[in-house]
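Below: one structure, written as structure tokens.
The values are calculated or read from the model by the stated rules, or taken from the named source; none is laboratory data. Owing to the predicted nature of the structure, the values given are computational and were not obtained by experimental measurement. Positions of Cβ are backbone-derived with ideal geometry, glycine not excepted, and every protein chain shown enters the neighbour counts. Keep in mind that these areas ignore ligands, DNA and RNA; they rest on the heavy atoms of the full protein, side chains included. Shrake-Rupley method; radii C 1.70, N 1.55, O 1.52, S 1.80 Å.
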Amino acid sequence: MSTRDIEKLPKSLDFSHHLSDIAKARAPSPLKTFYKYYGRPGLLALAGGIPHPDYFPFATLEATTLAIDTYSDTPGEPGSPSPLSWLWNLFSPPAKPRTTRITVPKYVSDPINDVNLATSLQYSE
């Protein structure tokens, strides 16, 4: 993703008010702080209870999501649908929504900077 694409992304929303007090009080596992060293050549990992990724029953994780600009967070913004567009959609033939395909592999060439299942599926308490 280029810098220009990142600048076009909508601002993230804060959903922390949906978390319970117990969830808010949770601290990250100290073992997770070592993930930044995980997978570096020449580093001996002493496991720390982390299961080997070959035991995960997934080779890839794939999903089809709606395009990022499907819904506008500010109605009336230039290029966004009008507030009554839902009414017109009732009487028009259904349009196939624009989608984006996302694939997360188990292993990647750069595990430090890329999302992969080998580290994403690791658990902690």
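Just one of the numbered conditions (1) open to solvent by 90 Å² or more (accessible area, probe 1.4 Å); (2) modelled with pLDDT of 80 or more is not true of Trp88; which one?
(2)
From the list Pro97, Pro81, pick out the single residue that is closer than 29 Å to Asp14 by Cβ, at pLDDT 70 or above and part of a loop (DSSP other than H, G, I, E, B).
The conditions single out Pro97.
Just to be sure I understand, how many residues within the range 18-35 are hydrophobic (A, V, I, L, M, F, W, C) and in contact (Cβ under 8 Å) with a residue 12 or more places away in the chain?
Residues in the range 18-35 being hydrophobic (A, V, I, L, M, F, W, C) and in contact (Cβ under 8 Å) with a residue 12 or more places away in the chain: 2 in total.
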